[in-house]
Amino acid sequence: MNHRCLVPVGGLTVMMAVVLLATIPAAGQAPSAAARTNPAAAKVYTPPRTPDGQPDLQGFWTNTTYRPLERPNNVTKEFYTKEEAEEAEKRAAERENTQTEPGTIPDVHYDFTQFGLDRSQSTFAPNLRTSLIVDPPDGKLPPVTAEGQKRAADSAARRALGGQFDAVENMTLGARCLIMAGSGPPMLTTAYNNNYQIVQAPGHVMILVEMIHDVRVIPLDGRPQPSRNIRQWMGISRGRWEGNTLVVETTNFNGKNSLRGASENMRVTERFTRVADNAILYTFTVEDEATWVRPWTAEMPMQKTEGPIFEHACHEGNYSVGNMLAGARADEKRADENAKKDSK
């Protein structure tokens, strides 16, 4: 959990206005290629170098944003104006905050602000885009193939056989603290803990993920991918430098940590380009012929933030899964006893 840049929830709009006004071009100006997601990086930037000559990506970074993966149905353009971006952030923050008010739906998890977890309490990655997806141009995921539709239907049928609290295997991976979206690849923003530490050494890049403290160690020495029989939760990554851009290709997923219903044969190509002292432009392309009719690409900024990253000890001392299952059994027992009483 990262406690930094604490701002009251009510101050979110003010905070965003300050960030956006400081980094967004005047209305009517078309964003340049470098400024599409991080307007502060409009000028050509020469990144610092590590001792062995690599472009230096090291440090603590966040991809915290309210921007959705897919463009909302009522939005028809690629970029917001400054004022529209502020309003979109305000609406998203209000929707998220209502989830922590007693008696509201969906269920209350907890008040993020009590633990320094609310998005308004951390460094924010400014973004004028209306969606993270940049290709297809409509900002939507491509159509799903017939094979992908059948796999999704089969998965839904399996889940329908038992309730969420019938067995621990029926619960989500996040609830079980196994893995969450921020780990990636691709590294997508979550409700909180959207922080990363990048460390470089000759021949390797390491990315520490704050959410459940997953670690990706990416070799840069040109070694081939291992056999398809070897599969991991976050796949197996291989990296290389293309100019100032770190390119990371990942395959060999185990299929259990599925991205929007993707198959285990999904391939992800990530690109990390430092475009300012305080910004990395992160893009990724997803290919999976068993799920989508074409590849798709998303683009999002990573903003420099303060470290260190503290351990997100999700399972240690976390009794919620056992308590939820025990509560479900208690409810079933009570319902059974009541039914027996009513039958007499």
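The values are calculated or read from the model by the stated rules, or taken from the named source; none is laboratory data. What you see is a predicted model; the values in this text were computed from it and never measured. Note that we place each Cβ from the backbone using ideal geometry, even for glycine, and neighbour counts take in every protein chain shown. To get the accessible areas, we keep the full protein, side chains included, count just its heavy atoms, and leave off ligands, DNA and RNA. Shrake-Rupley method; radii C 1.70, N 1.55, O 1.52, S 1.80 Å.
Can you give the extra length, in nm with one decimal, that the chain gains between residue 242 and residue 340 once fully stretched, where that is 0.36 nm per residue apart less the Cα-Cα distance?
Working: separation 98, 0.36 × 98 = 35.28 nm, distance 7.07 nm.
Roughly 28.2 nm would be gained on extension.
If each of residue 331 and residue 87 carries a label point 7 Å out from its Cα toward its Cβ, how far apart are those two points in nm?
4.0
Considering amide H positions built from the backbone, and no H for Pro or chain starts, which residues 5 or more places from residue 204, or on another chain, come under 5 Å of its amide H?
Long-range HN contacts for residue 204: 220.
Probe radius 1.4 Å, ligands and nucleic acids left out: which of 79, 124 has the largest accessible area, and how do the rest follow?
Ranking 79, 124 by accessible area, largest first, yields 79, 124.
For segment 66-80, what does the Karplus curve 6.51 cos²θ - 1.76 cosθ + 1.60, with θ = phi - 60°, yield as ³J(HN,Hα) per residue in whole Hz, taken in order and with x for Gly and Pro?
My calculation for segment 66-80 gives 9, 5, x, 4, 9, 5, x, 4, 8, 10, 10, 10, 7, 10, 8 Hz in order.
Within segment 170-277, which chymotrypsin sites (Phe, Trp or Tyr not before Pro) sit in a loop by DSSP and count at most 16 neighbouring Cβ atoms inside 10 Å?
Details: sites: 192, 196, 233, 241, 253, 272; in loops: 192, 233.
Here the sparse-neighbourhood loop sites are 233.
In nm, to one decimal, how far is the residue 227 label point from the residue 94 one, both placed 7 Å along Cα→Cβ?
5.8
Say each of residue 70 and residue 290 gets a label point 7 Å from the Cα, pointing the same way as Cα to Cβ; how far apart are those two points in nm?
2.2
Pulled fully out, how much extra length does the chain show between residue 206 and residue 310, if you take 0.36 nm times their separation in residues and subtract their Cα-Cα distance?
The residue 206-residue 310 span can extend by a further 35.8 nm.
Rounded, prolate or oblate: which fits segment 247-340, taking a ≥ b ≥ c as square roots of the Cα gyration tensor eigenvalues, rounded meaning a/c under 1.5, else prolate when a/b beats b/c? Intermediate results must be reported in sequence, preceding the final value.
Numbers: a/c = 3.65, a/b = 1.74, b/c = 2.10.
Taking the square roots of the gyration eigenvalues as a ≥ b ≥ c, segment 247-340 is oblate.
I'd like to check one number: the per residue accessible area of segment 171-322, probe 1.4 Å, reported in Å² as a whole number.
Values: 6230 Å² over 152 residues.
That works out to 41 Å² per residue.
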